[in-house]
Structures are given as C-alpha cells and as structure tokens.
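Worksheet: one structure, shown below.
The values are calculated or read from the model by the stated rules, or taken from the named source; none is laboratory data. Nothing here was measured: the structure is a model prediction, and the numbers come from that model. Methodologically, a virtual Cβ is constructed for each residue, glycine included, from the backbone with ideal geometry; neighbour enumeration extends over all protein chains shown.
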C-alpha cells in the first residue's frame with residue numbers, strides 16, 4: 001500500500017521552481033494510522049533530500065503550539081539539548097511587547113495576542129533529532145528546515161529577520177527562523193520573494209496551526225520522491 005494512501009494533500013500555488021503543499025493533520029490522533037504514515041513520510045523525505053541534494057536538517061519545537069507542557073520539555077531536555085531562539089513572520093508586522101491597549105481592550109474570556117513565537121532548536125546529533133521530530137509532530141509543534149550549510153543559514157536568517165524586530169528585548173536571541181504559512185506563500189509574486197522569506201532554507205516543513213496541517217515548501221522538484229512512495233499528485 002502506498003505510504004500516502006491515508007493522507008489528504010493539497011498542492012499549493014507558488015512560483016516555479018518552488019513546490020509547496022499542505023498535508024492536512026487537523027483530525028490526527030496520537031497512535032492512529034495517519035500519524036504513523038506521516039512519521040514515515042517525514043523520515044523518508046528527510047533521507048531523500050539529504051541524499052539527493054546533500055542537505056542537513058535542523059529540528060525545532062514551536063513553543064506557542066506546544067501541546068506537551070513543561071513536563072514534556074523537562075523529559076526531553078537532556079536528550080535534545082535545546083537552545084532557545086525566536087521565530088519571526090517575515091511577511092507580517094514586527095513582534096512587539098504588549099501595550100496597555102492590548103490588555104484593556106480584551107473581551108470576556110479573550111486572550112491577548114501572542115507576545116512572541118519562541119523556538120527550541122534541537123542541538124543534539126542526528127539520531128536524537130530524528131526522534132525529536134517524531135515526538136514534536138505528535139505534540140503539534142514540529143518544525144524542520146533542510147539546508148546545505150546550517151551556519152550560513154543562521155547568519156543569514158538573523159541578518160534578515162532582525163530587520164523586522166525593533167523591541168530591544170527581542171533582539172538578543174542567538175538565532176532567528178522564519179515562520180511561514182499558506183498565506184505567506186500566496187503573497188509571494190515570484191521565486192525571488194519566496195527565496196527571501198525562506199532565508200536560504202532548501203526544504204521547509206512546519207506544523208502550521210494556522211492552516212491545520214503540515215506545510216511543505218521545497219526549492220527542488222519532488223516528483224521523484226512522490227513516485228518512490230507510489231503517490232501521484
């Protein structure tokens with residue numbers, strides 16, 4: 001049976017040569033068949049991109065979407081060796097601290113807007129990062145980027161994204177990573193715009209709560225990968 005048989009995949013319009021799709025995950029429950037299929041897919045895609053385009057991968061936990069609570073973080077702290085950084089929406093207003101108006105204008109049971117989007121980078125070696133990716137996907141907070149040179153990516157993303165950050169207290173993080181969703185992709189008029197948003201990432205995977213799915217963006221064609229899985233788009 002093809003590994004993708006139980007998944008709902010939506011191809012997204014984006015500028016060539018980029019490829020983008022959204023894999024719906026809203027109805028997933030831990031331990032069910034779709035979740036296991038997605039874990040297999042993520043592992044297969046990581047292996048394919050690593051071998052085909054000589055890419056390395058970085059895994060992050062999105063704390064704003066983290067469903068496991070502090071206890072889960074303590075459980076994996078020694079295994080993952082997490083480093084704290086900041087996610088920034090490159091196509092949206094700069095993150096700012098709460099103002100008096102933000103708080104007094106709240107309605108009954110209404111929460112204030114997100115203050116920031118902190119990320120935990122898994123700095124442990126590759127085997128632990130594979131395990132972290134699977135665990136974080138189950139917790140609804142997984143993000144993975146693949147790139148030829150991680151050091152170059154983090155230098156570039158910090159340079160690009162810090163231009164969006166004006167609050168002094170938010171400019172002291174050791175790394176910054178772009179946050180994207182389907183709206184971000186749709187707003188790009190050409191490949192250059194999308195390349196700028198990605199800050200040099202070759203393959204971008206993000207569990208997007210905004211879209212109810214797993215967002216996949218690749219600067220390389222993925223036809224061969226889908227063919228290997230027996231899945232036709």
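Residue-wise test of (1) assigned to a loop (DSSP other than H, G, I, E, B); (2) out of contact with any strand residue (DSSP E or B) (no Cβ under 6 Å at 6 or more places or on another chain).
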site	(1), (2)
91	yes, yes
98	yes, yes
111	yes, yes
128	no, yes
131	no, yes
144	no, no
161	no, no
166	yes, yes
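Taking residue 93 as the residue in question, decide whether it is at pLDDT 85 or above and exposed (fewer than 11 other Cβ atoms within 10 Å of the Cβ). The answer is yes for residue 93. Here the strands (runs of 3 or more DSSP E) wholly within the range 174-226 that include at least 1 residues being within 18 Å of residue 62 (Cα to Cα) and in contact with a helix residue (DSSP H, G or I) (Cβ under 6 Å, 6 or more places away or on another chain) are 176-178, 203-208. Taken over the range 195-223, the criterion of being free of Cβ contacts under 8 Å to residues at least 24 places away in the same chain and surrounded by fewer than 19 Cβ atoms within 10 Å (Cβ to Cβ) is satisfied by 223 alone.
Can we say residue 157 is surrounded by 21 or more Cβ atoms within 10 Å (Cβ to Cβ) and either at pLDDT 95 or above or at positive phi (or both)? For residue 157, the condition - surrounded by 21 or more Cβ atoms within 10 Å (Cβ to Cβ) and either at pLDDT 95 or above or at positive phi (or both) - is met. Tell me, yes or no, whether the range 128-140 has at least one residue that is closer than 29 Å to residue 98 by Cβ and modelled with pLDDT of 95 or more. No, there is no match, as no residue in the range 128-140 is closer than 29 Å to residue 98 by Cβ and modelled with pLDDT of 95 or more. Does the range 124-137 include one or more residues that are surrounded by 11 or more Cβ atoms within 10 Å (Cβ to Cβ), under 24 Å from residue 196 (Cα atoms) and under 18 Å from the mean Cα position of the chain (by Cα)? No - not one qualifying residue is present in the range 124-137.
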